[in-house]
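A short worksheet on the structure shown next.
Nothing in this text is a laboratory measurement; each read-out follows from the coordinates by a stated rule. All values reported here derive from a predicted model rather than from experimental measurement. Cβ sites come from the backbone with ideal geometry, for glycine too, and all protein chains shown count toward neighbours.
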Amino acid sequence: MRILIISDVPTHPINAGNKRLINAYTTLFKEWGHEVHFLMINRYNMRPKYQKNTIEGILCTSKEWGQFYHQYNYSTFENIKSNLNILLGKLLHNGYRKCDDIYPSGLHRTFLKLHKIYNFEAVIVNYFYLSKILEFIPLKKKSLFTHDSFSLNAKSSEHQAAYYLTREEEKKALSRAPYIFAMQDIEADYFKSLSPNSKILINYSNFTYQPQPCANNHNILYLSGSSKFNKEGLAWFINDIFPSIKLKYQDAKLYIAGSICNILNEYQNNKDIKLIGRIDNPYQFFLKGDIAINPCQHGSGLKIKTFEAMSYDKVVMTHPHSTIGIFNKDQAPIFSSTIVNEWIIFIEKVWEQKDFLLQIKHQNRIYLEKMNSFIEKQYKTFLYL
C-alpha cells in the first residue's frame, strides 16, 4: 500500500515529541511493508529561531526520506496571508484561530499531481490547520492526526496551548476526516461529540522497550525539548521537590539533556544539576540513573517524555498532568503526585529496595507490550478495515 503523510512538522532531527511521534508511526508502516511518502509543508515563520529550525529540519528530513520526500513551499502571497491571519487572531480574537487561517490554497494541486504519479491508497494529515486538504483527497482511507485537542479546554492562565480554537472551528476541521486519530481517550470522547460520523481511533504513541541494567546510584534524569511548558515543569520540580530529595540523599544529582539545556542558564553553576545538552544516543543518557521524571504541568496530550523514559527501562515519576488520558492509566507503572513527602517515600523504595526497582522494570515491559499491541490494532483498523 502507498501511504502519504502530510505535515508541516519535519520528522528529523528527532528533537521534539511531535517529530518523534510522526517518525514512530511512519516507521511502523514501513516495517509492515508499505511504501510511505512524506509531503513536507514549508511555511515562512517570522521568528528567526523557527526559520533556522525549519531549514535544518528540511535538510535532515529530505535526506532521511530520499526519493519518498516531497515538498510544498508556500507562495509569497500565502506566507503574507497566513502570518497576517495569525496576527489578526491575536489582536482581534483573543488568540483564537480559524481552522484554515494558515492553510495554503495551492496545496491540493500539489497533492493531485503526486497522486496522479503514485496513486496513493491512504493519506494521513497532521494537525487541524491542514485539514482542508482532506476535501480534495478522493480516497476513503484519509485521516486527520490531531496531536491534541485545541478547543477541549477554555483559554485561561492555567491552561496553555500552542493554538486555541473555538468548538465550532475544531468541529469544522474534524468533520472533514472519515478517520480521526486522537492522542488520548479523553480527546477521543470529545471528538466523537464534535464529529459523530467519523471513526475515532486512539493512537497514543508506540515505543520499543529497551532493557537497561540497574544504575544503583542517586541520579535523576530528564530528557526534554525547549518548550516553555517543559521549563516551567522543571522549575516546579527543582524548586518544590528536589530540595527535599537532597536533604535525604546528599549525593543526589539531576541530569538534564536535550535542547531544553539551551534555556537553562540559571542552573549553569549549580553543582547538583548537570546540563548535558543535545544528545545523539538516548540509550547512553538513560544509563546514568534508575529514575526519570516528567514534571510538565501543561501542554500537549502526547506524553512523549513519560513513555520514552519508560521505554528505556526507567522508573518514571511525574506531575499528575503527565498521566492524563494515557493508555490503561490504572495499570501504568508510573508514580504521579504533587506532594513532596510522597515523592520521597517512593524514591526511598526505588533506591533502597532492589526488588522494588526490578518489579517496576518488569511492569514497564508488560505495559509497553500491551500499549503497542493496542496502537497497532488502531492503525490496522485504518489501513485494512
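Amide H to amide H distances under 5 Å link VAL36 with ILE3, where only residues 5 or more positions off or on other chains count and H is placed in the peptide plane.
The HN-Hα couplings worked out from phi for segment 31-42 by the Karplus form 6.51 cos²θ - 1.76 cosθ + 1.60 (θ = phi - 60°) are 5, 7, x, 7, 8, 10, 10, 10, 9, 8, 9, 9 Hz, whole numbers, x standing for Gly and Pro.
The stretch between ARG365 and ARG2, if pulled fully straight at 0.36 nm per residue, gains 127.5 nm over its current Cα-Cα span. Using R0 = 45 Å, the C-beta based FRET efficiency linking LEU247 and LYS199 works out to 0.30.
Between segment 224-265 and segment 307-385, the alpha-carbon centres lie 20 Å apart. In straight-distance terms, cross-link reach from LYS141 covers every one of the lysines whose alpha-carbon lies under 22 Å from its own, apart from those fewer than eight places away in the same chain; here that gives LYS30, LYS113, LYS116, LYS132, LYS171, LYS172, LYS192, LYS199, LYS377, LYS380. On the beta carbon distance between TYR118 and GLU64, with R0 = 22 Å, the FRET formula returns roughly 0.75. Around the amide H of ILE41, modelled in the peptide plane, lie the amide H atoms of SER7, ASP8, VAL9, TYR72, all under 5 Å away and 5 or more residues distant in sequence or on another chain.
Taking 0.36 nm per residue of separation and subtracting the Cα-Cα distance, full extension of the segment from ILE263 to PHE356 would add 29.9 nm.
This ranking places HIS362, HIS147, HIS37 by how few other beta-carbon atoms lie within 10 Å of each, fewest first, which gives HIS362, HIS37, HIS147. With only Cα atoms counted, segment 194-342 has Rg and Dmax values of 15.9, 58 Å.
Taking other Cβ atoms within 10 Å as a rough exposure proxy, THR166, THR61, THR338 sort from fewest to most as THR338, THR166, THR61. For segment 2-203, taking the reciprocal of the average inverse distance between every pair of different Cα atoms yields a Kirkwood hydrodynamic radius of 17.5 Å. Dividing the convex hull volume of the alpha carbon atoms of segment 171-226 by its residue count gives 140 Å³ per residue.
The count of lysine pairs in segment 218-311 whose Cα atoms are under 16 Å apart, excluding pairs fewer than 8 places apart on the same chain, comes to 11.
The largest-to-smallest principal axis extents of the Cα set in the chain are 63, 45, 41 Å. This ranking places PHE242, PHE77, PHE150 by how few other beta-carbon atoms lie within 10 Å of each, fewest first, which gives PHE77, PHE242, PHE150. Per residue of the chain, the DSSP helices (runs of n ≥ 4 H) give a summed -39500 (n - 2.57) that works out to -12500 deg cm²/dmol at 222 nm. Close amide-amide hydrogen proximity is noted between THR166 and ARG97, each under 5 Å apart and 5 or more residues distant or on a separate chain (H modeled in the peptide plane; Pro and chain starts excluded). For ASN94 and GLU342, the FRET efficiency from 1/(1 + (r/R0)^6), where r spans their Cβ atoms and R0 equals 41 Å, is about 0.60. Loop-located trypsin sites (Lys or Arg not before Pro) in segment 136-226 (DSSP state not H, G, I, E or B) with no more than 11 neighbouring Cβ atoms inside 10 Å: LYS140.
A compact globular protein would have a Cα radius of gyration near 2.2 N^0.38 Å; the ratio found for segment 168-279 is 1.54. Scalar couplings 3J(HN,Hα) for segment 254-263, obtained by applying the Karplus form with A = 6.51, B = -1.76, C = 1.60 to θ = phi - 60°, are 10, 9, 10, 10, x, 5, 4, 4, 5, 10 Hz; x denotes Gly and Pro. Residues in segment 128-145 carry Karplus couplings, in order, of 4, 6, 10, 5, 4, 4, 4, 5, 9, 9, x, 10, 7, 8, 10, 9, 10, 8 Hz; the curve used is 6.51 cos²θ - 1.76 cosθ + 1.60 with θ = phi - 60°, and Gly or Pro positions show x.
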